[in-house]
Every structure is written in C-alpha cells, then in structure tokens.
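The values are calculated or read from the model by the stated rules, or taken from the named source; none is laboratory data. The structure presented is a predicted model; accordingly, all values stated were derived computationally and were not measured. In this analysis, Cβ positions are derived from the backbone assuming ideal geometry, glycine residues included, and neighbour counts consider all displayed protein chains. Remember, those area values only see protein heavy atoms, side chains included, never the ligands or the DNA or RNA. Shrake-Rupley method; radii C 1.70, N 1.55, O 1.52, S 1.80 Å.
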Amino acid sequence: MKYLLVILLSIAASCAQLGMPTPQTFNEKLAAGYAAVTSARETATTLLVAKKITADDAQNVQNQADNARAGLDIAKKLSALDPDAANAKLTAVSTALIALQSYLASKK
C-alpha cells in the first residue's frame, strides 16, 4: 500500500507541476499513462536528434514505450473483468513509466 501511495504522489506532483488536475479515476490514470508513453517517445526522438542519447538508447526507450503501451492495453481490457487486477497492472506500468521519464529527464 505504501508503494502505491508513493506512485500516486509522484503522478500527482508531476500533474501539479504542469498545472494539470491529478488523475483520480481508473480511466483518467489510463489516459495519463497513454500520454506518458507518447511523451517518452517524443522526448527520446528529441534527445536523439540533439545527440544527447545514442540510437541504441533511443531504440531501448521506444521498446520500453511499446511494452508500457501493451501493459496499458491489458489493464484496459482487464478493467471490465477484474478491476483489482486492472488497477495492479496500471500501477505496475505507471511505475515503469515514471522510471522511464526520470531517466529521460536526466538526459536533457
């Protein structure tokens, strides 16, 4: 439970810094996850063009974004059948996306 709280607080802080409302519902969190995937892809491309990361590193980010997208799709499908499993999957994917975003931020 503490782990989930840390993740939610991280997401809330990120949204607050951007002036965005904090996602509350499953669907809002899911949408935020998809937006984070898009942001990671765009940031990796920008960093590659700026020569702040290598092509291999950019490809690794793209692969991780693919995995995150697949995880979000699974969470979405699970939400109708098993909300607890869907929330657990969404939490796991959110954790990975936060780590990916932190890494990309360190390269700017």
By residue number, the members of the range 1-42 that are open to solvent by less than 60 Å² (accessible area, probe 1.4 Å), β-branched (Val, Ile, Thr) and at pLDDT below 95 are 7, 11, 22
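Out of the range 58-87, which residues are hydrophobic (A, V, I, L, M, F, W, C), surrounded by 14 or more Cβ atoms within 10 Å (Cβ to Cβ) and under 22 Å from residue 40 (Cα atoms)? So that I can check it myself, show each step before the final result.
First, the residues of the range 58-87 that are hydrophobic (A, V, I, L, M, F, W, C): 58, 61, 65, 68, 70, 72, 74-75, 78, 80-81, 85-86.
Filter once more, keeping what is surrounded by 14 or more Cβ atoms within 10 Å (Cβ to Cβ): 58, 61, 65, 68, 72, 74-75, 78, 86.
Listed by number, the residues that qualify are 58, 61, 65, 68, 72, 74, 75.
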Restricting the range 88-98 to residues that are farther than 17 Å from residue 41 by Cα and among the hydrophobic types (A, V, I, L, M, F, W, C), the one surrounded by the most Cβ atoms within 10 Å (Cβ to Cβ) turns out to be 90
